[in-house]
Amino acid sequence: MFEIFMTPTALYIDPSTASIVLTSIAGIAVAISSTAVILWRKAKKKAATVLHIDENANKEVEEDIVINEPVEK
């Protein structure tokens, strides 16, 4: 009954099919990892808001330097 699935021709995987499968697996892995990173950042930001933690509390900030030069025509 299942002898048709055991023939060598039924077990052959075309190289282009294998490439598509590997590319799909890599794409799924990238999508899952990027979703995890986005959710982690949102959770971290929410926790900082709830706990009243300021990420920029002890950081030194420099002034913006603006140079206004006259435009020659």
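The values are calculated or read from the model by the stated rules, or taken from the named source; none is laboratory data. The structure presented is a predicted model; accordingly, all values stated were derived computationally and were not measured. Quick reminder, even Gly has a Cβ in these numbers, built from the backbone with ideal geometry, and neighbours come from all protein chains shown. The area values use the complete protein model at the heavy-atom level, side chains included, leaving out ligands, DNA and RNA. Shrake-Rupley method; radii C 1.70, N 1.55, O 1.52, S 1.80 Å.
Numerical summary
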quantity	calculated
Flag if Ala48 is open to solvent by less than 100 Å² (accessible area, probe 1.4 Å), modelled with pLDDT under 85, over 17 Å from the mean Cα position of the chain (by Cα) and of a type outside the set (D, E, K, R)	no
Which listed residue is open to solvent by less than 90 Å² (accessible area, probe 1.4 Å) and assigned to a loop (DSSP other than H, G, I, E, B), from Ala36, Ala57, Ala43	Ala57
Cβ-Cβ under 9 Å pairs, at least 6 apart or on other chains, the range 27-47 side among the hydrophobic types (A, V, I, L, M, F, W, C), far side modelled with pLDDT under 95	Ala47/Ile53
Members of the range 52-73 found to be closer than 20 Å to Arg41 by Cα and either in contact with an Asp or Glu (Cβ under 9 Å, 6 or more places away or on another chain) or polar (S, T, N, Q) (or both), listed by number	Asn56
